[in-house]
Amino acid sequence: MNELLTTSVGSFPKPEYLSRARTKASKGDLSKEDLRALEERATKEWIRFQEEIGMDVLVDGEQYRGDMATYFAENIEGTEISGLVRSYGNRYYKKPIIVDELRLRGPISVDWFKFAQAKTERPVKGMITGPYTMMDWSFDEHYGSRADACLAFAKLLHQEAVALEAAGAKVVQVDEPALSTRFDELPLLVKAVEVVTKGLEAKTVLHTCYGNYNEIFEYFNKLPVDQLDLEMSNSGLDLLDRFKREPLEKEIAFGVVDVHSHVIEPEALIRERIEKALTIFAPSKLIIDPDCGLKTRSVEEAQGKLRNMVEAARAARQAHGWT
Amino acid sequence: MVRTTVVGTYPRIGDRPEEQTLRRGIARLDKGEIAEADLRALEQEVVQTVLREQNDAGIDLVTDGQISWYDSQSRFAGKLASIEINGLVRYFDTNTYYRQPVVRGPVAWTEPVLLDEWKFAQSHSRAPVKAVLTGPVTLASLALDKHYRTKEALALDLATALADEVGALVRAGASHVQIDEPILTRHPEDVSLVVEALERIRSRKGKASLTLFTYFGSVAGIYTDLLDGPADVLGLDLVQGAATWSALARHGSKKPLVFGLIDARNTKEEDPAAIAKQLLSLKGSVDLNASYLSPSNGLDFLPRDRARRKLRILRDAAKKAGVGG
């Protein structure tokens with residue numbers, strides 16, 4: 001069976017015990033080893049949950065990450081981490097600063113990939129924060145050119161992608177939430193992602209979210225990946241008509257639950273969204289997932305959404321006779 | 001010598017626990033542990049700190065750091081009649097987001113929005129406090145309009161509302177008012193609408209000095225239109241909008257300018273001597289003694305410690321320029 005496979009975008013919420021432990025660790029009241037043990041426990045729990053509900057392609061849930069750009073930068077030489085910067089409202093993050101030539105200290109996420117993959121027979125995705133997003137979300141005190149900084153990240157992240165593949169990753173996902181920040185830089189993004197994915201045997205995925213998709217639409221087929229992972233339910237499925245007119249030549253991972261809403265979408269609503277998607281995309285090229293990472297939801301909300309999503313996909317497969 | 005100012009926002013929190021009272025306060029308000037009035041008191045403490053940091057750095061014309069602003073769009077618009085505030089939308093090409101105003105009917109000003117905050121700030125500052133407002137065309141462009149048929153109609157009604165606010169601020173003693181129109185760096189064709197809207201605001205400004213500030217890009221193509229417009233002072237982002245410099249060097253300016261030469265979106269530190277030299281190259285074509293040196297936009301994109309360092313660079317560059325003694 002390869003119709004309507006189900007997956008997740010990347011992050012899951014951290015259980016209460018892990019959030020408390022991270023706070024303690026940040027104050028120096030908990031050792032790295034003790035924190036790691038709890039991160040492993042949470043990762044195992046999420047792997048088990050995904051298996052239990054019948055997810056096809058798994059993620060490690062990013063229980064060990066704070067911010068997605070900061071986590072990668074912390075493991076790259078030539079960067080420092082700044083003080084707190086506001087994202088919006090009362091949300092702040094620590095932004096990487098490029099202070100010297102970027103160099104990889106060693107694999108960044110491979111260890112966690114191996115840990116998660118060892119816990120399941122099902123494929124676990126390797127997850128990379130993309131070069132354009134790393135550049136756009138960092139201060140640059142060294143390169144002085146957005147293109148140079150972006151391509152420097154791309155070279156390192158290619159090494160990371162190769163290491164993930166060597167460790168057994170069958171799917172490598174490049175996260176580029178900053179993709180739609182500056183339309184005039186889309187050619188740079190394409191070039192940088194090309195550097196990252198070049199020569200990989202693994203299936204490659206590019207995830208992006210919350211942009212004006214109409215503006216970037218013409219780039220979808222140019223992105224050098226096998227699968228595009230798009231947030232679709234938050235934007236009201238507006239794009240479907242355009243996909244009808246201008247077909248996507250890749251697989252699509254189609255977001256069917258809104259990660260910014262507390263509401264757990266009922267199975268029937270998700271099923272409706274899947275059926276709408278099926279009017280445009282072939283079932284073997286249509287992957288069902290949430291709009292984005294679920295880390296901002298509670299554990300209960302995230303699990304409720306994922307459970308209904310997998311059930312809805314299963315029901316759709318049955319109804320169409322694809323089981 | 002050339003004077004110094006800031007553009008508007010200032011980081012609300014720093015990295016030390018004692019610099020994070022506002023962050024904790026908002027979280028506690030959300031949980032219902034403190035009241036709105038308690039949060040206002042915390043905001044006022046931060047405003048005093050922000051003013052002290054600017055005063056200590058010797059900034060000549062300061063702001064309250066826009067500490068109470070959730071974002072640049074919803075703070076003022078959300079208090080007008082017929083506007084609701086909706087979900088998050090990316091703010092220009094930044095990694096920040098604003099809550100989008102939704103216009104459901106004719107917009108109207110009903111009472112002062114920022115007056116008490118300006119009064120509080122001015123009473124705690126040695127330097128004059130500039131009142132800063134997001135301009136009507138930027139507000140109209142970033143809002144979701146469900147009522148007016150055209151952006152022009154919405155922008156002009158917003159201009160009338162802003163003029164009412166400016167009138168109240170000026171009556172209370174504000175001597176400097178700044179209107180921000182970053183949208184001009186993306187839509188230079190809106191310049192005539194900005195000029196028309198600004199005329200309405202100008203009519204209520206009394207003796208106060210009115211600055212028009214554009215940031216997040218170049219306005220080279222409309223530079224002379226802006227010089228001919230109704231603002232008394234023109235503020236320019238000369239970092240991300242470095243391309244404006246050639247127009248500026250070619251045409252000079254009869255109006256005083258605000259030179260946004262210190263990068264407020266990157267931590268990299270400028271050499272004050274190089275900034276001073278760049279500024280002095282305009283001697284003779286711009287009245288530097290009536291002009292200001294500033295960051296390229298609000299300092300909220302930087303961590304607090306880096307914002308402080310940028311203020312010192314600003315002061316040092318102005319001292320080195322030292323024009324006219």
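The residue that is nearest to the other protein chains (Cβ to nearest Cβ), counting only those in the stretch B:272-306 that are of a type in the set (Gly, Ala, Ser), within 13 Å of B:Leu261 (Cα to Cα) and not in a loop (DSSP other than H, G, I, E, B), is B:Ala274.
Considering the conditions (1) closer than 30 Å to A:Thr208 by Cα; (2) without any contact (Cβ under 8 Å) to a residue 24 or more places away in the chain, B:Ser123 is excluded by exactly one of them, (1). Pairs linking a residue in the stretch A:181-196 that is within 18 Å of A:His207 (Cβ to Cβ) to a residue that is assigned to a helix (DSSP H, G or I) and acidic (Asp, Glu), with Cβ atoms under 7 Å and 6 or more positions apart or on different chains, are A:Thr181/A:Asp136. The set of residues in the stretch B:92-108 being touching a strand residue (DSSP E or B) at 6+ places or on another chain (Cβ under 8 Å) and within 14 Å of chain A (Cβ to nearest Cβ) consists of B:Asn95, B:Thr96, B:Tyr97, B:Tyr98, B:Arg99, B:Gln100.
Scanning the stretch B:95-124 for residues that are among the β-branched types (Val, Ile, Thr) and either modelled with pLDDT of 95 or more or closer than 17 Å to B:Gly78 by Cα (or both) turns up B:Val102, B:Val103, B:Val107, B:Thr110, B:Val113. Taking the stretch A:71-88 as the range and being closer than 24 Å to B:Tyr97 by Cβ and either in contact with an Asp or Glu (Cβ under 7 Å, 6 or more places away or on another chain) or in contact (Cβ under 8 Å) with a residue 24 or more places away in the chain (or both) as the test, the residues that pass are A:Tyr71, A:Phe72, A:Ala73, A:Ile81, A:Ser82, A:Gly83, A:Leu84, A:Arg86, A:Tyr88.
Of all the residues in the stretch B:204-238, those that are crowded, with 20+ Cβ neighbours inside 10 Å, of a type outside the set (Gly, Ala, Ser) and assigned to a loop (DSSP other than H, G, I, E, B) number 6.
For A:Arg91, the test of being within 14 Å of chain B (Cβ to nearest Cβ), surrounded by fewer than 18 Cβ atoms within 10 Å (Cβ to Cβ), free of Cβ contacts under 8 Å to residues at least 40 places away in the same chain and closer than 30 Å to B:Gly14 by Cα is passed. Looking only at residues that are more than 9 Å from chain A (Cβ to nearest Cβ) and part of a loop (DSSP other than H, G, I, E, B) in the stretch B:10-32, which one is farthest from B:Leu302 (Cα to Cα)? By that ranking, first place goes to B:Gly32.
Suppose we filter A:Ala277, A:Ala315, A:Ala282 for residues that are within 25 Å of A:Lys203 (Cβ to Cβ) and touching a residue at least 24 places away in the same chain (Cβ under 8 Å); which single one remains? Talk me through it step by step, then tell me what you get.
Details: A:Ala315 fails: within 25 Å of A:Lys203 (Cβ to Cβ); A:Ala282 fails: touching a residue at least 24 places away in the same chain (Cβ under 8 Å).
None of the others qualify; the one that does is A:Ala277.
Suppose the filter is over 19 Å from A:Glu45 (Cα atoms), part of a loop (DSSP other than H, G, I, E, B) and not hydroxyl-bearing (Ser, Thr, Tyr); does A:Ile274 pass it? For A:Ile274, the condition - over 19 Å from A:Glu45 (Cα atoms), part of a loop (DSSP other than H, G, I, E, B) and not hydroxyl-bearing (Ser, Thr, Tyr) - is not met. As for the stretch B:261-270, it holds no residue that is away from chain A (no Cβ under 14 Å), of a type in the set (Gly, Ala, Ser) and either within 30 Å of B:Glu18 (Cα to Cα) or buried (at least 17 other Cβ atoms within 10 Å of the Cβ) (or both).
Taking the stretch A:37-86 only, how many residues are of a type in the set (Phe, Trp, Tyr) and within 14 Å of chain B (Cβ to nearest Cβ)? Residues in the stretch A:37-86 being of a type in the set (Phe, Trp, Tyr) and within 14 Å of chain B (Cβ to nearest Cβ): 0 in total.
One residue stands out among those in the stretch A:132-163 that are out of contact with any helix residue (DSSP H, G or I) (no Cβ under 7 Å at 6 or more places or on another chain) and not in a loop (DSSP other than H, G, I, E, B): the one that is farthest from B:Glu270 (Cα to Cα), which is A:Val162.
One line per residue, one yes/no per condition, for (1) within 26 Å of A:Ser8 (Cβ to Cβ); (2) away from chain B (no Cβ under 14 Å):
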{"position": "A:Arg103", "(1), (2)": "no, yes"}
{"position": "A:Ile108", "(1), (2)": "yes, yes"}
{"position": "A:Lys125", "(1), (2)": "yes, yes"}
{"position": "A:Glu141", "(1), (2)": "no, no"}
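The values are calculated or read from the model by the stated rules, or taken from the named source; none is laboratory data. Only a predicted model underlies this, so the values are computations on that prediction, with no experimental measurement involved. When we count neighbours, we look across all protein chains shown, and the Cβ atoms used for this are built from the backbone with ideal geometry, even at glycine.
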